[in-house]
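Beneath this line is the structure, given in structure tokens, with notes to follow.
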Amino acid sequence: MKFGEFELFVVSDGTFRLDGGAMFGTIPKVLWERTNPADDRNRIVMGLNCLLIRTPTENILVDTGLGAAYDEKFAFLYGVDKSETDLLRSLAAAGVQATDINKVILSHLHFDHAGGNCFQKEAGEFEPTFPNAVYYINQGELAYAKEPDPRSSPSYLPYTWESLEKRGQLALISGDEEVAPGVIILPAPGHTPNHQIVRVKSGGLTACFLADLVPTPSHLKTHYVMGFDLDALTAMKNKERVLKQAQAENWLLIFEHSPDIKAGYLTEDLKIEPVELASL
């Protein structure tokens, strides 16, 4: 999709499944299952939607999906489905190879957002999936990932950052950071203490990659927060703030975990007017 001087693509790493109750916290199942039907294990389908930003001079990727460094037990537990596509195939469909990526922005380091940072070679060691890229992550998020609380520990996998540190490909940031003209990382904590979103501005247009602040259009209501959110009240305040600005300024919103409506504009009644964002 042409977006000012940029091109925006939703690039998919396939789908997986998470417990519907965990995805909607205290919201009763009778409400959330209207739009998110659960399977016989109470899991709902989740997209793994990353964002490719093509500027006149750079290819910037936001989040890297689940990756491929998991075993059969993991794939069964989370219902991983990459039969139709994965991140590298999606990028190739947009005319971009792994070596073409200049920058990777990470909203946070949970395995479903940073799992594709690196790949495992036959000998077992990990190497960066995007060898020519600088990977941007909040320094507090990295510190927390290295010493997480017991609740968060399963969500962080050291291979997603260790080889990047070793090769000097990590750029640690704090607060707002404009990594390229018009591409701005913004703090939006709550899901994790240092969770980030990405705002894209070009030619008078604004888009926002919401990551886990608003994972799907079904989470647009302020109190529809995930059981996974470490600080639900902070997440709610940030969601309300961001969506208020998005509505006032007519931002294009991009949803990382929606399996169907991946992007759109917010209407007055908190619904989404879908936009086809070259989903690949």
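The values are calculated or read from the model by the stated rules, or taken from the named source; none is laboratory data. Since we're looking at a predicted model, the values are computed, not measured. Neighbour counts run over all protein chains shown; Cβ positions are idealised from the backbone, glycine included.
Looking at Val214, Val242, Val225, just one residue is farther than 28 Å from Pro181 by Cα, at pLDDT 95 or above, aliphatic (A, V, I, L, M) and crowded, with 17+ Cβ neighbours inside 10 Å, and that residue is Val225. Selection of the range 67-100 for residues being surrounded by 14 or more Cβ atoms within 10 Å (Cβ to Cβ), farther than 25 Å from Leu277 by Cβ and not aromatic (Phe, Trp, Tyr) yields Ala69, Ala75, Leu77.
From the list Gly14, Gly65, the one residue that fits, being under 22 Å from Leu109 (Cα atoms) and either in contact with a Ser or Thr (Cβ under 7 Å, 6 or more places away or on another chain) or not small (Gly, Ala, Ser) (or both), is Gly14. Residues in the range 17-49 that are under 26 Å from Ser83 (Cβ atoms), aliphatic (A, V, I, L, M) and either in a helix (DSSP H, G or I) or touching a strand residue (DSSP E or B) at 6+ places or on another chain (Cβ under 6 Å) (or both): Leu18, Ala22, Met23, Ala38, Val45, Met46, Leu48.
Per the conditions (1) buried (at least 17 other Cβ atoms within 10 Å of the Cβ); (2) more than 15 Å from the chain's Cα centre (by Cα), the sole criterion not satisfied by His219 is (2). Can you tell me how many residues in the range 225-270 are β-branched (Val, Ile, Thr) and assigned to a loop (DSSP other than H, G, I, E, B)? Of the residues in that region, 3 qualify.
Screening the candidates Val179, Val183 for the property of being touching a Ser or Thr at 6+ places or on another chain (Cβ under 8 Å), surrounded by 13 or more Cβ atoms within 10 Å (Cβ to Cβ) and of a type in the set (A, V, I, L, M, F, W, C) yields one hit, Val183. Any residue that is assigned to a strand (DSSP E or B), in contact with a Leu (Cβ under 7 Å, 6 or more places away or on another chain) and at pLDDT 95 or above - is there at least one of those in the range 156-165? Yes, the range 156-165 has at least one match. In the set Ala145, Ala207, Ala211, only one residue is under 27 Å from Val225 (Cβ atoms), assigned to a helix (DSSP H, G or I) and out of contact with any Gly (no Cβ under 9 Å at 6 or more places or on another chain); that residue is Ala145. Going through (1) within 17 Å of Ser155 (Cβ to Cβ); (2) of a type in the set (A, V, I, L, M, F, W, C); (3) assigned to a loop (DSSP other than H, G, I, E, B) one by one, Phe74 falls short only on (3).
Within the range 18-37, no residue that is at pLDDT below 95 sits with its Cβ atom under 6 Å from a residue that is assigned to a loop (DSSP other than H, G, I, E, B) at 6+ positions apart or across chains.
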